[in-house]
Amino acid sequence: RAKSAGGNRFELADPEADARAITRHGLTTALPTALERGEFFIEYQPLVHLGDGSVRGAEALVRWLHPQHGVLGPDRFIPLAEHTGLIVPLGRWVLEQSVRQAREWRELQGGAEVVGPLRINVNLSPCQLTHPGLVQDTVDILERTGVEPDALCLEVTESALIGADDDLLKPLRRLAEMGVDIALDDFGTGYSNLANLRRLPVSILKLDRSFTQSMQQFPADPVDVKIVEGIVSLAHSLDLAVTVEGVETGAQAEQLRVLGCDTAQGWYYARPGPPERLHELALVDATG
Ligand code: C2E
Ligand code: MG
Ligand code: MG
Ligand code: MG
C-alpha cells in the first residue's frame, strides 16, 4: 500500500507504524473493560534507606496482563487511559489495592518491625489531579482500609505541576495537611523554577533517573556531582527528602549516599515484583 504524499511523490507506508496504530487502536478498544475483567495487576519496588540499607516502603507500579499481548508496562497504556478517561477509575483501583497491600504488610511485619511500618507510594496522573473526587476518594480508601494518611505518598510528576495554579494545588494541599506525603516525581527533567518549590505542598523530591545514570562512572562527572549536590542541599534546606530512582549499581548507590540523598530505588536493590517479594525483602532486612 502506498500513500499519496501530495503531487507526484509517493511514500511507502511504514508497516511498523501501521502495526503500532493497530495495536494502539486495539488496546484503546480493550481498555474500558480491562478493569472489570481484572486484567490489571500491581508490582511493588522497594524504597531503600541509603543510610542503613533498610527497606522503608515500596512504589506501586501498575501492569496490564493483556489476553493477547501479554504483560504491558504502564508506558503502553497509561497515556491511552488518560485519553479515554479510564485513568480515574484505574487510578482509584491502584490506590485502593496498594493501600490494602500496605496494611497487609504492616500486619505481617508485627514484632519484626525495627525501622517503622512500611509505606506505600502511588503514582497520580495529571487527570486524577483535576478530578474533583480525588481528596474524598483518598479519604474513603484510607478509612475503609484503616491505614493512617502518613503511610501514603502520592507521586506527581514535576511536569504536571509546572505552572500549576492554586486550584490545581488545592487538593494536594488538603491531602498534605491530612498527613499524606506528596512527592515530585522525575524531578530535574521539567525545567521548573526552583523557587517554585516553596509554593508546592511537596515533601519529597524524586530525582530523575538521568541523574542516577550520570553517577554510573566513578568518579562521576564533576558538573553532575555539583548539580546533584545543589539539588540535595536546596531540598534539605526546604525540609524536603530526596529519593533517587533508577539505581542499578552499588557505585551509583554509594555516590548518591555520599551526596546526601536519603532514599533509593532501582534494580540494584530489586526489580518491581509481587507483594510477597517486598515483604520478604523487608523482613530479611529487619531481622538481619
Ligand atoms: P515512575 O513513577 O518514574 O516509575 C519508575 C519507573 O522506573 C518504573 O517503570 C520502574 O519499573 C522503572 N525502574 C525502576 N528501577 C529502575 C532501574 O534501576 N533502571 C531502570 N532502567 N528503570 C527502573 P514502569 O513500571 O515501566 O513505569 C513507568 C511509569 O509509568 C512510571 O514512572 C509512572 O510514571 C507510570 N506509572 C506506573 N504505575 C502507574 C499508576 O498506577 N498510575 C499512573 N498514573 N502512572 C503510573
Ligand atoms: Mg513514580
Ligand atoms: Mg519517577
Ligand atoms: Mg521516572
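The values are calculated or read from the model by the stated rules, or taken from the named source; none is laboratory data. Keep in mind it's a predicted model, so treat the numbers as computed, not measured. Cβ atoms come from the backbone with ideal geometry, glycine included; neighbour counts cover every protein chain shown. Calculation scope for accessible area: heavy atoms of the full protein, side chains included, ligands and nucleic acids excluded. Shrake-Rupley method; radii C 1.70, N 1.55, O 1.52, S 1.80 Å.
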Based on the alpha-carbon gyration tensor of region 179-225 and its eigenvalue square roots a ≥ b ≥ c, which shape applies: rounded if a/c is under 1.5, prolate if not and a/b is larger than b/c, or oblate?
prolate
Solvent-accessible surface (1.4 angstrom probe) belonging to residue 281, in square angstrom, nearest 10
40
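If 194, 124 are ordered by their accessible area, calculated over protein heavy atoms with a 1.4 Å probe, which sequence runs from highest to lowest?
194, 124
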Could you rank 206, 226 by how accessible they are, 1.4 Å probe, largest area first?
226, 206
Figure the gain on full extension for residue 140 and residue 162 (residue separation times 0.36 nm, minus the Cα-Cα span) and round it to one decimal in nm.
5.1 nm
In whole Hz and in residue order, list the ³J(HN,Hα) couplings for region 86-94 that follow from phi through the Karplus curve 6.51 cos²θ - 1.76 cosθ + 1.60, θ = phi - 60°; x for Gly and Pro.
5, 4, 5, x, 5, x, 5, 5, 4
What angle do you read, to the nearest 10 degrees and between 0 and 90, between the alpha-carbon axis of helix 222-237 and the longest principal axis of the chain?
60
Taking a ≥ b ≥ c as the square roots of the eigenvalues of the Cα gyration tensor of region 209-281, is the shape rounded (a/c under 1.5), prolate (a/b larger than b/c) or oblate?
oblate
Rounded accessible area of residue 120 (nearest 10 Å², 1.4 Å probe):
0
Rounded to the nearest 10 degrees, the helix 166-178 long axis (Cα) sits at an angle to the longest Cα principal axis of the chain of 40
Nearest 20 debye, what's the magnitude of the dipole of region 53-111 about its Cα centre given +1 on Lys and Arg Cβ and -1 on Asp and Glu Cβ?
100
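Sort 41, 211, 77 by accessible area with a 1.4 Å probe, largest first. Kindly include the intermediate steps, with their values, before the conclusion.
Values: 41 70, 211 30, 77 0 Å².
Sorted by accessible area, descending: 41, 211, 77.
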Extent of the chain along each principal axis, from alpha carbon coordinates, in Å, largest to smallest?
69, 49, 41
Only Lys, Arg (+1) and Asp, Glu (-1) charged, at Cβ; the chain dipole about Cα centre in debye:
640
Most mobile listed residue (23, 249, 157) in the chain, GNM with C-alpha springs under 10 Å:
23
Would you mind classifying region 147-286 by shape? Square roots of the alpha carbon gyration tensor eigenvalues, ordered a ≥ b ≥ c; an a/c under 1.5 is rounded, otherwise it is prolate if a/b is larger than b/c and oblate if not.
oblate
Which one, 273, 168, 211, projects farthest toward the positive side of the charge dipole computed for region 144-287 from Cβ point charges (K/R +1, D/E -1)?
168
Most positive-pole-ward Cα, 179, 69, 54, against dipole of the chain from beta carbon charges:
69
